[in-house]
Amino acid sequence: MNDWPEDGGYGRGGATPQPEGPRRMSHVRRPQMPQQPPRPDQGYGQGQGQGYDQGQGQGRRQGYGQGHRPNPDQGYNPSFTQAQGTGYDSGYSSGQVYGGPQGGGPQGGGPGGVPPQYAPGPGGGRPGRPAPDWRKRIKIGSIVLVVGALVWGVGTYAWASSRMRNEVDLSKVIERPAEGDCTTYLIVGSDSREGMTAEEKKKLHTGSAEGKRTDSMMILAACSSGNTMVSLPRDSWVTIPNFVGSESGKSFPARGGSKLNAAYAMDGPELLVRTVEFNTGLRIDHYAEIGFAGFANIVDALGGVELNIEKGFKDKKSGADFQAGTQTLDGEQALAFVRTRYAFAESDLQRTKNQQKFLSALANQAATPGTILNPFALYPTLGAGLDTLIVDKDMSLYDLGQMFFAMKGINSGDGKSMNMPIAGSAPQGSLKWDMPKVKQLVEQIKNDQKVTVESNR
């Protein structure tokens, strides 16, 4: 198509010798740019957004609005760059094509489209990213932490429960006393060398005797009125009553007077519980036993136990060699401390006091947030203890934890530790209990009363 006007002008190759005159071409307009608000650095007034295309005279009058009227004598000729920022339109194309097959319309962001328009940000440029919602982030983070802690706690509980050795069947114990208001535990330290190498036996001064016997026994009563720990000297003179064999199921008659540790040697934990219940009248709810190796391993897993030894002592048989003062005992030293009796004038009675003191300190250190909440301390401690700790069939990990917390309370002063009241000596170099005081002590524990009974030794 020919865009030249048919007005009889020159430019069609005429044969006249006159030179060719100027040619005219119709205006080529481009689409109107979206009107932009005036920038503060151009004081053109309110009419700034209207272009020159609205008529020859009218466009010049309206293009600058009321804020400014150009002086024709100044020859003002705004550039296209200024027109882009102010809405001015000269009516001529700059060569850029807006819109097209791939542009997506006047506001398209593709090739040939008008660049996308943005609302100005606080500084006059493009807006920044939205401010983060910290409240939402904290809430989500807290939920994640709580769920993670629950998963870890449940997993740890399940793992530890699967490691417990629930081997003692208290349902085989006959003629049991009525239940009391407190929860009672019979805690036994045996001289079992199970799983120990010859080198470990030599290092820990345990000897090589076969089988196992009770090395220490104590009753722990967890009561709301206060916790009480009562040591039972292994040389206590007691009556071994009739019983049913834990393995054979046969009934056996009473054996009469004997040392307390003989009951354990005859038929194990079940007969020991039966003998304690028969001679005290106190029902035992749970049983816990640990051997030499397990005891030493727990102490080492905790990194040692801090203890104040009031008076130094030595004992060749147990390997004890202690100076007076506060010190941290490792597994080997701890075992020597709780086993020593020949170094003391009171022999077994002083040993039971040392055992109570150390177990309370051990529980105080084990039942702390630094151990419970630290996987690197908790798992080795649980692993060391649960592998060698033998408990009754009804004892759960929760019950075991309650036992440790009860011992911890005694160490912190919230309770009482004592020996079973002793009246004097008995046959075979044994100790006779003070039965009136024993009965009073048992009644206070059964009725969850504050223990006021005192041991004379």
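The values are calculated or read from the model by the stated rules, or taken from the named source; none is laboratory data. Predicted model only: the values in this text are computed from it and were never measured. Note: ideal-geometry Cβ built from the backbone for every residue, glycine included; neighbour counts use all protein chains shown. In case anyone asks, the SASA skips ligands and DNA or RNA and just uses the protein heavy atoms, side chains included. Shrake-Rupley method; radii C 1.70, N 1.55, O 1.52, S 1.80 Å.
Being touching a residue at least 60 places away in the same chain (Cβ under 8 Å) and of a type outside the set (D, E, K, R) is the filter; apply it to the stretch 250-267 and report the residue that is most open to solvent (accessible area, probe 1.4 Å). Break it down stepwise before answering.
Let us first name the residues in the stretch 250-267 that are touching a residue at least 60 places away in the same chain (Cβ under 8 Å), namely 257, 259, 264.
Add one more test, that the residue is of a type outside the set (D, E, K, R), and what stays is 257, 264.
Numbers: 257: 43, 264: 9 Å².
Once the filter is applied, the top-ranked residue is 257.
When the residues of the stretch 339-352 are filtered to those that are in contact with a strand residue (DSSP E or B) (Cβ under 7 Å, 6 or more places away or on another chain) and under 26 Å from residue 404 (Cα atoms), the one that is most open to solvent (accessible area, probe 1.4 Å) is 339. Looking across 412, 417, one residue alone is in contact with a helix residue (DSSP H, G or I) (Cβ under 9 Å, 6 or more places away or on another chain), touching a residue at least 12 places away in the same chain (Cβ under 8 Å) and open to solvent by less than 70 Å² (accessible area, probe 1.4 Å). It is 417.
Each row is one residue, and each column tells you yes or no for (1) basic (Lys, Arg); (2) over 17 Å from residue 302 (Cβ atoms); (3) touching a residue at least 24 places away in the same chain (Cβ under 8 Å); (4) in contact with a Lys or Arg (Cβ under 6 Å, 6 or more places away or on another chain).
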residue	(1), (2), (3), (4)
368	no, no, no, no
382	no, no, yes, no
386	no, no, yes, yes
391	no, yes, yes, no
403	no, no, yes, no
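State yes or no: is residue 265 among the hydrophobic types (A, V, I, L, M, F, W, C) and closer than 22 Å to residue 402 by Cα? Criteria not met by residue 265. The strands (runs of 3 or more DSSP E) found wholly in the stretch 134-244 and carrying at least 1 residues that are at pLDDT below 95, within 36 Å of the chain's Cα centre (by Cα) and over 30 Å from residue 443 (Cα atoms) occupy 165-168. Is one or more of the residues making up the stretch 357-373 surrounded by fewer than 17 Cβ atoms within 10 Å (Cβ to Cβ), polar (S, T, N, Q), modelled with pLDDT under 90 and farther than 13 Å from residue 305 by Cβ? So far as the stretch 357-373 goes, no, none of its residues is surrounded by fewer than 17 Cβ atoms within 10 Å (Cβ to Cβ), polar (S, T, N, Q), modelled with pLDDT under 90 and farther than 13 Å from residue 305 by Cβ.
The residues of the stretch 260-275 that are over 43 Å from the mean Cα position of the chain (by Cα) and within 19 Å of residue 433 (Cα to Cα), listed by number, are 260, 262, 263. Listed by position, the helices (runs of 4 or more DSSP H) inside the stretch 326-418 whose residues that are under 25 Å from residue 228 (Cβ atoms) and within 20 Å of the chain's Cα centre (by Cα) number at least 3 are 348-366, 397-411. Report, by residue number, each residue of the stretch 291-317 that is open to solvent by less than 20 Å² (accessible area, probe 1.4 Å), modelled with pLDDT under 90 and over 30 Å from the mean Cα position of the chain (by Cα). Within the stretch 291-317, 291, 292 qualify. Scanning the stretch 359-394 for residues that are in contact with an Asp or Glu (Cβ under 9 Å, 6 or more places away or on another chain), closer than 20 Å to residue 218 by Cβ and among the hydrophobic types (A, V, I, L, M, F, W, C) yields 361, 389, 390, 391.
Could you tell me whether residue 333 is out of contact with any strand residue (DSSP E or B) (no Cβ under 6 Å at 6 or more places or on another chain) and farther than 17 Å from residue 389 by Cα? The answer is yes for residue 333.
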